[in-house]
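Have a look at the structure below, then the notes.
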Amino acid sequence: MLETKTIGLGQNGREAEDRGAAESAFRLSVSEGIARLVFDLPGKKVNVLSSTVMEELDGLIGPLALRRDVRCLVIESGKPGVFIAGADLREFEAITDSRTAERMSAAGQEIYNRIADLPFPTIAVIDGAAAGGGLELALACDYRLATDNPRTQLSLPETTLGLLPGWGGTYRLPRLIGLIQALQLILTGKAVDGVQAARIRLADACYPSSFIRDKTEEFVRAILAPAGRRAVQGRRKRKRLSRRLAEGTPIGRAIVFGRARAGLATKGGKHYPGLEAALQVLRKTVHASRARALEAERRAIGLLLPTSVCKNLVRLYFAREAVKKSASPRDGGPPRTISRAAVLGAGTMGGRIAWLFTRNDTPVVLKDLSWDAVRKGYASAYEVYRELKKRRRYDERQINLKMHRLSGAVDYVGLGRPDFVVEAVFENLEVKKKVLAEVEAHIGPEAILASNTSSLSITDLAAGLRHPERFLGLHFFNPPNLMPLVEIVPGPRTGEQTIRDTASLALALGKTPIVVRDRPGFLVNRLLMPYLTESTRLVDEGCDYRKVDRLLQDFGLPMGAFALLDEIGIDIAIEVAGILGSSYGGRMEPPALFAALEGRRDLLGRKSGRGFYVYSGKSKSPNPEMLELAAKRRRQGESPDRFDIVHRPILAMLNEAARALEEGAVASAQELDLALVLGVGFPPFRGGILRYADELGLRRVRDTLARFAGQLGDRFAPAPLIEKLAAGGEGFYPAH
Ligand code: NAD
């Protein structure tokens, strides 16, 4: 427990205490019977709940419970935009056994029980992010007030880390907001804002952030009177009536849990044990006493926290945080704020890249060759908002404000003076070079110029520019509004400041930027291609592509290689395979099936409605024509077993990853793993492809590659780095 100092002030019947020691995480004061506990972790931007902080909190709650002069406790945060970000995950990372995990859970549960049992009303004031253990603390209070601050986001993201809420969340949440909503929050880990929180009764009210102090005082006065308390309780009850039918009967509950389980199955839930555990704990404890419910919850934590799934997910979380930190370094001055942007080309990518700027409230001009093209780009940006409106993320008024940030142009004069230009015109070197030279002549000397090319060399594009130091590649993935990754590709003369400013912009646009070298396919497409071509070779040899897809999904990928080919567009994949094949040779040579599909405009994948699958609305089924085409290729011979079907594509990708890492195409194993998870959905619970290789063991990886090379050809010859690590008994990551 940290040393604290208590100052008692007696003044006109008012009394206050202040815990003022520099190290204290909390400031407690009491005035006119109202205790205020302000969580403000010294020297940190956010509040997190470490074991030291929890102990300190405990030390404050005990004495408060005994005070007769306190009539109400208000818990708030001293950090702008953050209530409490959650538990300290560094401590989770260090826990490797069930007993310690259970003890950690029990300690938090007890402290929160003591808050819940305080003899006077308790109110959490949430004017910023309240995640995980932070929201569980708020749940232990009698009342929660939220604000309309966009940073007020309430979430229980534990299942996304392979866990479940372990400080009473599984017990308190369903009792407060009902089973259906609780399952929704816990199983998706998604956040709700203040308005939504009030709508689902997670918060008792949502107030404008600027009035929250006055509103809190008003609320306190109200609930200190019996009538006010009854009014709040009444509001909660009204909601409960409408839930009764679905949740109040055994049959209703069975349906609710059945649906939730079916939902998990379609989302690869079996790989995330936290989801199944959360479902089971909620099912078992829905009518249990607090003691029994909490026991089930901490048992589950004991089982989940030490697993490799949980460790991998926590590590990826830290990898993402590290990338964010390095994209906004403290030294070297603050990155430039981008206050005006332009996007050249209003096609598939351009319209949605422009949308990203509007969401960020940055004025952006979308330029194309004709007004008709600009209009299509504008419509695609609006379409993203329309989708979000359906999910109640935005209302019409907000969308109008956002769309006002977007304007169009068909010439360079119309661009105004942007600070940042994203070029997203046709993928053609001559066209792009011409466009870049033209735009450079029209923008200020400070503006950054970024190309969204996916296959052209940044070095080639930079040649001929007057300011190559302010030019680089900024590779968004399709669809750019949803895909969380961007690759930042500096050219040979790109300035450090340009890289930093672009990384900082990418973060502001909600993306995770990873800096990669200017090699064909950059990083992600380079690693993806051997995976796709090897999957297709399996079909060349007579494997059923439906089976390949099924097994890859079982491995944990969000979709199989052939469903992915349909998404990418079979024509695009064939074209990129040609480009990368000519750069990397046999490792990426296009398979025979690609040649058979070349020029088939009717079989392009999702965009033509038919590819390996047939698409109709939201459903898809195998395409009989493609099955027949694939069946014709059937050769005799032994068919590969399940392990080989999965590991030929996966190890082809891994072998390329090892080469990329050794070449310095990406800074670290951690960044490579993160890029593949965010860029292609490599199963997060496996921690990334290099982490997966470490788990298999590099000797086994090398031996399997050598076996494949013997059977299938040199493309599987183990990368030198794999040979080296296997020989030294090492992995891509240092052993723990
Ligand atoms: P697209 O063909 O859909 O759109 C290109 C747009 O650029 C067209 O509207 C065209 O009229 C316009 N254009 C052409 N010349 C122009 C000029 N001089 N000035 C302004 N506009 C001009 O292409 P896309 O799929 O959006 O791709 C754009 C870029 O993004 C390409 O470099 C591509 O490699 C890259 N990219 C595409 C994807 C993808 O999946 N589509 C993914 C990542 C990166």
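The values are calculated or read from the model by the stated rules, or taken from the named source; none is laboratory data. As the structure is a prediction and not an experimental result, all values here were calculated from the model. Cβ sites come from the backbone with ideal geometry, for glycine too, and all protein chains shown count toward neighbours. The accessibility values were calculated without ligands, DNA or RNA, using every heavy atom of the protein model including side chains. Shrake-Rupley method; radii C 1.70, N 1.55, O 1.52, S 1.80 Å.
Scanning region 138-165 for residues that are open to solvent by less than 10 Å² (accessible area, probe 1.4 Å) and part of a helix (DSSP H, G or I) returns ALA138, ALA140, THR159. For the residues ARG397, ARG375, the requirement of being at negative phi, over 21 Å from the mean Cα position of the chain (by Cα) and either surrounded by 19 or more Cβ atoms within 10 Å (Cβ to Cβ) or within 16 Å of the ligand (Cβ to nearest atom) (or both) singles out ARG375. The residue list GLU427, GLU440 contains one member that is within 15 Å of the ligand (Cβ to nearest atom), assigned to a loop (DSSP other than H, G, I, E, B) and surrounded by 15 or more Cβ atoms within 10 Å (Cβ to Cβ), which is GLU427. Looking across region 443-467, not a single residue is exposed (fewer than 14 other Cβ atoms within 10 Å of the Cβ) and within 11 Å of the ligand (Cβ to nearest atom).
When region 411-424 is filtered for residues that are part of a loop (DSSP other than H, G, I, E, B) and either within 11 Å of the ligand (Cβ to nearest atom) or closer than 16 Å to ALA373 by Cα (or both), the ones remaining, listed by number, are ASP411, TYR412, ALA424.
Looking across region 693-708, the residues that are open to solvent by 20 Å² or more (accessible area, probe 1.4 Å) and aliphatic (A, V, I, L, M) come down to LEU696, ALA706.
Quick grid of which residues meet (1) at pLDDT 95 or above; (2) open to solvent by 20 Å² or more (accessible area, probe 1.4 Å); (3) within 16 Å of the ligand (Cβ to nearest atom):
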position	(1), (2), (3)
LEU474	yes, no, yes
GLU487	yes, no, yes
PRO490	yes, yes, no
ARG493	yes, yes, no
ALA506	yes, no, yes
ILE514	yes, no, yes
ASP518	yes, yes, yes
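So, in region 609-618, of the ones that are out of contact with any strand residue (DSSP E or B) (no Cβ under 9 Å at 6 or more places or on another chain) and either in a loop (DSSP other than H, G, I, E, B) or not charged (D, E, K, R) (or both), which residue ends up most open to solvent (accessible area, probe 1.4 Å)? So, considering only residues that are out of contact with any strand residue (DSSP E or B) (no Cβ under 9 Å at 6 or more places or on another chain) and either in a loop (DSSP other than H, G, I, E, B) or not charged (D, E, K, R) (or both), the one most open to solvent (accessible area, probe 1.4 Å) is LYS618. Of LEU564, LEU527, LEU532, all but one fail to be aliphatic (A, V, I, L, M), within 16 Å of the ligand (Cβ to nearest atom), open to solvent by 10 Å² or more (accessible area, probe 1.4 Å) and at pLDDT 95 or above; the exception is LEU564. Checked against (1) within 27 Å of the chain's Cα centre (by Cα); (2) open to solvent by 20 Å² or more (accessible area, probe 1.4 Å), ALA596 meets all criteria but (1).
Under 8 Å between Cβ atoms, which residue pairs at least 6 apart in sequence (or on different chains) link something in region 486-510 that is more than 20 Å from ALA675 (Cβ to Cβ) with a partner that is among the polar types (S, T, N, Q)? Pairs found: PRO492/THR459. Tell me whether region 181-194 contains one or more residues that are of a type in the set (S, T, N, Q), part of a helix (DSSP H, G or I) and open to solvent by 50 Å² or more (accessible area, probe 1.4 Å). Yes, region 181-194 contains a residue that is of a type in the set (S, T, N, Q), part of a helix (DSSP H, G or I) and open to solvent by 50 Å² or more (accessible area, probe 1.4 Å). Checking the condition within 19 Å of PHE476 (Cα to Cα), open to solvent by 20 Å² or more (accessible area, probe 1.4 Å) and out of contact with any strand residue (DSSP E or B) (no Cβ under 7 Å at 6 or more places or on another chain), which residue from ARG359, ARG315 passes? Only one candidate qualifies: ARG359. Taken as a whole, the condition of being among the hydrophobic types (A, V, I, L, M, F, W, C), crowded, with 20+ Cβ neighbours inside 10 Å and closer than 23 Å to GLU247 by Cβ does not apply to ALA288. Check every one of the helices (runs of 4 or more DSSP H) wholly within region 621-692 and list those with 3 or more residues that are surrounded by 24 or more Cβ atoms within 10 Å (Cβ to Cβ) and within 27 Å of the chain's Cα centre (by Cα). By residue number, 642-663, 669-680.
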